[in-house]
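Here's the structure, in structure tokens; my notes come after.
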């Protein structure tokens, strides 16, 4: 008989708990996350050392990376590997050498080279390969943003420089990439 009051107490407790649960408002549905912002985009022609257009760059800048497509028409570059870098000034007007674009984008003064333990600098990018006909279709990514702090589109812009040779990603200052043979302004 002593069990009966315990069973009745348990039943009453369950009934109260059920009633309390019914009286509580249902938890709110989680707020829907705002859709991610559309990536910023930018496009610019690539010119050779004669000032002639040979292709273009198309940049999409998202929350965590910049993605750049490099497209060069047949005959645009010598066949083989070529180092490419972001340079600090958006000026391709001196077509003979493209030196107005200055050195690499490098706000934190890192060493050159994707494989350098003291690098890479913000201008370092993977090499691109020109086919036997001199055309290129490549896509590379970078953590250097298009806009905002440390961005490519700062007060004086920046430039994509294509070099005559491949970049070894370690040797200072430009990985043995050689002469500047093509340029695109990023402003």
Verdict on residue 138 being more than 16 Å from residue 172 (Cα to Cα) and assigned to a strand (DSSP E or B): yes
In the stretch 127-141, the residues that are buried (at least 17 other Cβ atoms within 10 Å of the Cβ) and under 21 Å from residue 110 (Cβ atoms): 127
Matching residues in the stretch 173-187 - criterion: being within 18 Å of residue 100 (Cα to Cα) and surrounded by 17 or more Cβ atoms within 10 Å (Cβ to Cβ): 174, 177, 180, 181, 182, 183, 184, 185, 186
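For every residue, the table says whether it meets (1) in contact with a helix residue (DSSP H, G or I) (Cβ under 6 Å, 6 or more places away or on another chain); (2) over 17 Å from residue 148 (Cα atoms); (3) surrounded by fewer than 14 Cβ atoms within 10 Å (Cβ to Cβ).
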{"residue": "52", "(1), (2), (3)": "no, yes, yes"}
{"residue": "59", "(1), (2), (3)": "no, no, no"}
{"residue": "62", "(1), (2), (3)": "no, no, no"}
{"residue": "66", "(1), (2), (3)": "no, no, no"}
{"residue": "69", "(1), (2), (3)": "no, yes, no"}
{"residue": "78", "(1), (2), (3)": "no, yes, yes"}
{"residue": "83", "(1), (2), (3)": "no, yes, no"}
{"residue": "92", "(1), (2), (3)": "no, yes, no"}
{"residue": "95", "(1), (2), (3)": "no, yes, no"}
Count of residues meeting criterion [surrounded by fewer than 18 Cβ atoms within 10 Å (Cβ to Cβ), under 21 Å from residue 45 (Cβ atoms) and at pLDDT 95 or above] in the stretch 142-172: 2
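The values are calculated or read from the model by the stated rules, or taken from the named source; none is laboratory data. This is a predicted model, so every value here is computed, not measured. Neighbour counts are summed over all protein chains in view; Cβ atoms, including those assigned to glycine, are modelled from backbone coordinates with ideal geometry.
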